[in-house]
Amino acid sequence: MAIPVKLEVFEGPLDLLLHLIEKNKVDIYDIPIVEITRQYLEYVRELPKDDLNTVSEFMVMAATLLDIKCRMLLPRIDVEEGEEEDPRAELVQKLLEYKMYKYMSYELKDMQMDGEKYLYKSPSIPDEVKNYRPPIDYNELLGETTLISLNEIFNACLKRIEDKVDPIRSGFGKIEKEEVNIEQKQDFIVEYITSHKKCSFKNLLSEQKTKMEVIVTFLVVLELIKTGNVEVNQNEIFGDIEIEFKKPIESISI
């Protein structure tokens, strides 16, 4: 009949390694890898096999320890300035970091336990005390301020307000939105061109009253040129443009 063995519970492979190092009272910078590996494997053999996730973590570290053990049997590789590379260096660094975080967690746990000992009571200050406001001492508030200094502060505030005003934009008048009925304007232009057969673009623009109407007229003429309903000619540079009617205009869209 097998004798049941109760194992200590460790949080992970690094926790177990740190325990073995402290138990054997060895220097963490000079780990006796052979002895530590032997004790580590003894613990791994006794692990319950039902939790594969936990066992696999310990098995990975076991493989790492065996790898380090094998590398220490091989000739050392020289690195910079004749120093030899220690196969245990990476493992030592991980152990030191784990040890630091572990003791930090102990400190936080102690702080939490100490914090649970403090008790707080609800505030019970009387309303008369809570609502009390000391009277304002105007002499202390003004200090050495005089009417002259107050006037200077007032003028400085006005000056800052004036500096924020854009001297150019502040002179602009109110910009009103120009509204143009595009359908009515299209009908007017089409009727104008078809009735004249041949007309001056300058005269057509002179019939418009606002800048927006001029822009819409220009777009309508461009659309008529695109559809082949009209043809434009200019005999000389900067000369007048003549619009000539070519075929019936059914509908346009801009």
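Side notes on the structure shown:
- For the chain: relative contact order, % (alpha-carbon pairs under 8 angstrom, 6 or more apart): 11
- Selection from Val55, Leu74, Pro123 lying farthest towards where the dipole of the chain points positive, charges on Cβ: Pro123
- For the pair Lys121 and Thr54, label points projected 7 Å from Cα toward Cβ lie 4.8 nm apart.
- Were the residues from Met104 through Asp187 laid out at 0.36 nm apart, the gain over their Cα-Cα distance would be 21.4 nm.
- Above-threshold pairs, the threshold being 23 Å between Cα atoms, out of Lys185/Lys226; Lys49/Lys99; Lys25/Lys102; Lys209/Lys246: Lys49/Lys99; Lys209/Lys246
- Cα-centre dipole for the chain with unit charges at Cβ (Lys and Arg positive, Asp and Glu negative), debye to 20: 840
- Across segment 101-110, rounded Karplus estimates of 3J(HN,Hα) from the backbone phi angles (6.51 cos²θ - 1.76 cosθ + 1.60, θ = phi - 60°) give 5, 5, 6, 5, 5, 5, 4, 5, 5, 5 Hz, Gly and Pro being marked x.
- Relative packing of peptides 89-95, 209-215, 137-143 - highest average C-beta neighbours within 10 Å first: 89-95, 209-215, 137-143
- Note that segment 86-100 has calculated 3J(HN,Hα) couplings of 8, x, 8, 4, 5, 5, 4, 4, 5, 5, 5, 5, 5, 4, 5 Hz, one per residue in order, obtained from phi through the Karplus relation 6.51 cos²θ - 1.76 cosθ + 1.60 (θ = phi - 60°); glycine and proline are x.
- Expected 222 nm ellipticity per residue - DSSP helices of 4 or more, -39500 (n - 2.57), all of the chain, to 500: -17500 deg cm²/dmol
- Principal axis dimensions, largest first and in whole angstrom, of segment 100-170 by Cα: 67, 44, 25
- Over 32 Å [Cα-Cα, the chain], rounded percent: 69
- Mean separation of Cα contacts under 8 Å (6+ apart) over length of segment 182-245, as relative contact order %: 42
- J(HN,Hα) series, segment 227-232, from Karplus relation 6.51 cos²θ - 1.76 cosθ + 1.60, nearest Hz, glycine and proline x: 7, x, 6, 9, 9, 10
- Cβ-based exposure ranking for Thr145, Thr194, Thr37, in which fewest neighbours within 10 Å come first: Thr145, Thr194, Thr37
Taken together, the values in this text are just the output of simple stated rules run on the coordinates, not laboratory data. Just so we're clear, the structure is a prediction, and the values are computed from it rather than from any experiment. Please note: Cβ atoms are built from the backbone with ideal geometry, for glycine as well, and neighbour counts cover all protein chains shown.
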